[in-house]
Each structure stands twice: as structure tokens, then as C-alpha cells.
Amino acid sequence: MSELTFNRYQAQALTTAQYPEMGTGSAMALAYTGLGLGEAGEVQGKIKKILRDDNGVVTNEKRIAIANELGDVLWYVATTAFELKIDLEDVALMNLEKLASRKERGVIVGSGDQR
């Protein structure tokens, strides 16, 4: 099997996508995929329970459960980018460029959008 790229992931993820007005870039399609990013809350919830219930011990079972939730987040990121007509690889590259710029300018920490 060849190496998985962001764009290959996005294309494969889209084969499982079924939602209103898929592929139209409409507000409805974007709302569906964007609201799905709430899956990040599932990641947070699992981490919170590790702190609360497991004395901060991250077992392999918990690690896998969190990875599965991260996969759901990634699916929604991929489909949201698709609705915006943006390749997932471009999203990743833009993010790396933004972070490199922040690091070069000494503003990698702090708050704000572009800093």
C-alpha cells in the first residue's frame, strides 16, 4: 500500500460521506460538516475522564479510544475543507506556514489569530 497523504485521506474519507447538499459548498453542507467538528469535545471528554477517574493514567485502551475520536475530528476537518473547495494538504501546509511565521516572529505563544 502506498503512503497515505492528506489528500488521499480526504478523497477516501469522502467515499463514506453522506450529508445534506454534499459537495455543493452550500451553507447547509458547510453547517453540517462544521458542526461535526464538535467531535473535538469527545476528545476533551475522554481526556477529562482520565484526569478525573483514572488519576491521570493514560492506558493503551484510553489512548486508542482518543485516537478513534481524533479520527472522527479528522473526518470532519476533511469534509469541511472539501465543502470550502480546499485540499486537506493545503490546510496542513497553510497551518505549518502560519506556525513557522509565528515562531520566526517570536509570537508562537500567546493569544490571537495571526499574532
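The values are calculated or read from the model by the stated rules, or taken from the named source; none is laboratory data. Since we're looking at a predicted model, the values are computed, not measured. Here the Cβ positions follow ideal geometry from the backbone for every residue, glycine too, while neighbour counts run over all protein chains shown. All accessible areas refer to the heavy atoms of the entire protein, side chains included, with ligands and DNA or RNA removed. Shrake-Rupley method; radii C 1.70, N 1.55, O 1.52, S 1.80 Å.
Counting only lysines at least 8 places from LYS49 when in the same chain, those with an alpha carbon closer than 20 Å to its own are LYS62. Each Lys and Arg contributes +1 and each Asp and Glu -1, all at the Cβ; summed about the Cα centre of the chain, the dipole is approximately 460 debye. Per-residue ellipticity at 222 nm computed for the chain from its helices equals -21000 deg cm²/dmol, with DSSP H segments shorter than 4 residues left out and the rest contributing -39,500 (n - 2.57). Based on C-alpha pairs under 8 angstrom that are at least 6 apart in sequence, segment 21-81 has a relative contact order of 45 percent. The alpha-carbon of LYS85 sits under 17 angstrom from the alpha-carbons of these aspartates and glutamates, leaving out residues fewer than 8 places away in its chain: GLU21.
Quick check: from the Cα gyration tensor, does segment 52-115 come out rounded (a/c under 1.5), prolate or oblate? Because a/c hits 1.5 or more and a/b fails to exceed b/c, segment 52-115 counts as oblate. On a C-alpha basis, how far is the centre of segment 77-108 from the centre of segment 37-57 in Å? Whole number, if you could? First find each Cα centre; the distance between them is then 26 Å. Accessible surface for the chain, divided over its residues, is 70 Å² per residue with a 1.4 Å probe. For the chain, the relative contact order works out to 33 percent when only alpha carbon pairs closer than 8 Å and six or more residues apart are counted. Neighbours of ASP72, meaning other residues whose beta-carbon lies under 14 angstrom from its beta-carbon, give a summed charge of -2 when Lys and Arg score +1 and Asp and Glu score -1. Determine the shape class of the chain: with a ≥ b ≥ c the square roots of the Cα gyration tensor eigenvalues, call it rounded for a/c under 1.5, and otherwise prolate if a/b is greater than b/c, oblate otherwise. Oblate is the answer for the chain, as a/c is 1.5 or above yet b/c matches or exceeds a/b.
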